[in-house]
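A.B. asks: What follows is a single structure, and I will ask about it in a moment.
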Amino acid sequence: MTAFRRNDLESEPSAAKDSVPGSRHLWAVLLAGGDGIRLRHLTRRIAGDFRPKQFCNIAGDKSLFEQTRDRIEPLFPRDRQVFVLSRAHETYYRDFLTEATEWSALVQPLNRGTGIAIVLALVHILERDADAVVGFSPVIITTPMMIRFG
């Protein structure tokens, strides 16, 4: 297992996908299934409801989910982006994923925590690509960690 940081891939966004060894196996996982309990009162003030923070416009005119997608877009092809979501939040993410395939949106029936979301995404991706290099990007941080398998 090898860990990379986003800066290792950023020399030029268009070249990043092709310059990393095994780059045709680069996958992004956007972890967006949390319930946002800790910031619930802030999101209510901003959005008028208790939506999870990842679907709230906390900083700027886009939600944290949209901002994270914008950050991973230059590094990972859309057909290798996977989103782990919770069914209870469908109202908030439905419009953000209109172009996403059924395969790329992993919808958990319940939020079971980050560890389960990571394992779910890894199993899902490894079924398609045994040599996957997977980057995990929670919506609240800006430097995802990547893990290489194989």
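Where a number appears in this text, it was derived from the coordinates with a stated rule and is not lab data. Only a predicted model underlies this, so the values are computations on that prediction, with no experimental measurement involved. Every residue, glycine among them, receives a Cβ derived from its backbone with ideal geometry; neighbour counts consider all protein chains shown.
A.B. asks: What's the ranking of 23-32, 129-138 by average number of surrounding C-beta atoms within 10 Å, highest first? Provide the component values of the computation, followed by the final result.
C.D. replies: Numbers: 23-32: 22.4, 129-138: 19.0.
The peptides rank, most packed first, as 23-32, 129-138.
A.B. asks: For a protection proxy built on the mean count of beta-carbon atoms within 10 angstrom, sort 113-125, 91-103 highest first, please.
C.D. replies: Packing order, densest peptide first, comes out as 113-125, 91-103.
A.B. asks: Follow-up question, since we're still on this one. Taking 0.36 nm per residue of separation and subtracting the Cα-Cα distance, what length does fully extending Ile116 through Arg44 add?
C.D. replies: Result: 23.2 nm gained on full extension.
A.B. asks: Could you give each residue of the stretch 108-121 its phi-based ³J(HN,Hα) in whole Hz, using Karplus coefficients 6.51, -1.76, 1.60 with θ = phi - 60°, and x for Gly or Pro?
C.D. replies: 7, x, 9, 6, 10, x, 5, x, 5, 4, 5, 4, 4, 5
A.B. asks: Taking H as built 1.01 Å from N, whose amide H comes closer than 5 Å to the amide H of Val29, not counting residues under 5 places away?
C.D. replies: Under 5 Å from the amide H of Val29 lie the amide H atoms of Val82, Gly135, Phe136, Ser137, each far enough along the sequence or on another chain.
A.B. asks: When the convex hull of the C-alpha atoms of the stretch 35-150 is computed, what volume per residue in Å³ does it have?
C.D. replies: Dividing the Cα hull volume of the stretch 35-150 by its residues yields 111 Å³.
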